[in-house]
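The values are calculated or read from the model by the stated rules, or taken from the named source; none is laboratory data. Remember, it's a predicted structure, so these values are computed and weren't measured experimentally. Neighbour counts are summed over all protein chains in view; Cβ atoms, including those assigned to glycine, are modelled from backbone coordinates with ideal geometry. Just the protein is used for accessible areas: all its heavy atoms, side chains included, with ligands, DNA and RNA removed. Shrake-Rupley method; radii C 1.70, N 1.55, O 1.52, S 1.80 Å.
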Amino acid sequence: MISIRPAHSHDAEDMVEVLNAIYRAGLRSSPADTELVRERYLDTPHLIACTVADQESRVVGFQALLRAWLRNPYDVAEGWGIIGTHIHPEAGRSGLGRRLFAVSSEAARTAGLLHIDATIGAENAPALAYYSAMGFTPYRHVGDAIGHRFDVAEDASGA
């Protein structure tokens, strides 16, 4: 059984393993370490929500939602949401992303976000399909990535 819950500091090592499994699968450009996970997903002042999928006390996926800040490295408009979804390849296609996004989209509404950006590598077919299924639409090209947007106010489904 997989539970969905808020991320905690003690999840950092498992989150690193998820990111590195994605890297080993060729769907992430660089490996991760605990410093990166803490800086980007757990200890950032821009965090709105970081949610994990926990299977038998092991994180098999997570999703982070941040509020974009001035001059952020993603070049997302200040005040938008920035989302990242990371599912261990062995746990993919199991509905975890949809369950995680239900939490993130509610957090986005609660935080008053109007739009969420997901910038995805143009070659990352699983992520492109996932974000499309969640209702994200392409709106910009950033190098070899495609920025997708989700309009929070238009999401009446309660995703």
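Going by the structure shown, is His141 assigned to a strand (DSSP E or B) and either touching a His at 6+ places or on another chain (Cβ under 7 Å) or loosely packed, with under 15 Cβ neighbours inside 10 Å (or both)? It is true that His141 is assigned to a strand (DSSP E or B) and either touching a His at 6+ places or on another chain (Cβ under 7 Å) or loosely packed, with under 15 Cβ neighbours inside 10 Å (or both). Filtering Val37, Val16, Val52 for residues that are closer than 13 Å to His86 by Cβ and assigned to a strand (DSSP E or B) leaves a single hit, Val52. Of all positions in region 72-94, at least one carries a residue that is of a type in the set (A, V, I, L, M, F, W, C), part of a helix (DSSP H, G or I), within 24 Å of Val16 (Cα to Cα) and at pLDDT below 95. Only residues that are out of contact with any Lys or Arg (no Cβ under 9 Å at 6 or more places or on another chain) and more than 14 Å from Phe101 (Cβ to Cβ): list them for region 129-150, please. Matches in region 129-150: His141, Val142, Gly143, Asp144, Ala145. Of all residues in region 66-86, those that are under 14 Å from Tyr41 (Cβ atoms) and open to solvent by less than 50 Å² (accessible area, probe 1.4 Å) have Cβ atoms under 6 Å from Cβ atoms of residues that are among the β-branched types (Val, Ile, Thr) and in a loop (DSSP other than H, G, I, E, B), 6 or more apart or on another chain, in Ile82/Val76.
On the stretch given as region 107-121, residues that are in a helix (DSSP H, G or I) and in contact (Cβ under 8 Å) with a residue 40 or more places away in the chain total 3. Every test in (1) in contact with a strand residue (DSSP E or B) (Cβ under 6 Å, 6 or more places away or on another chain); (2) of a type outside the set (A, V, I, L, M, F, W, C); (3) open to solvent by 20 Å² or more (accessible area, probe 1.4 Å) is passed by Ser29 save one, and that test is (1). For region 87-103, the candidate set comprises residues that are out of contact with any helix residue (DSSP H, G or I) (no Cβ under 7 Å at 6 or more places or on another chain) and surrounded by 22 or more Cβ atoms within 10 Å (Cβ to Cβ); within that set, the residue that is nearest to Pro6 (Cα to Cα) is Leu100.
Tyr131 satisfies every condition listed in (1) open to solvent by 60 Å² or more (accessible area, probe 1.4 Å); (2) not in a loop (DSSP other than H, G, I, E, B) except (1). When Glu123, Glu106 are screened for being open to solvent by 50 Å² or more (accessible area, probe 1.4 Å) and at pLDDT below 95, only Glu123 passes. A count restricted to region 48-65 and to residues that are under 18 Å from Phe150 (Cα atoms) and either open to solvent by 30 Å² or more (accessible area, probe 1.4 Å) or more than 15 Å from the chain's Cα centre (by Cα) (or both) stands at 1. Residue check: is Trp80 touching a strand residue (DSSP E or B) at 6+ places or on another chain (Cβ under 6 Å) and more than 16 Å from Ile4 (Cα to Cα)? Taking the combined requirement at face value, the residue satisfies it.
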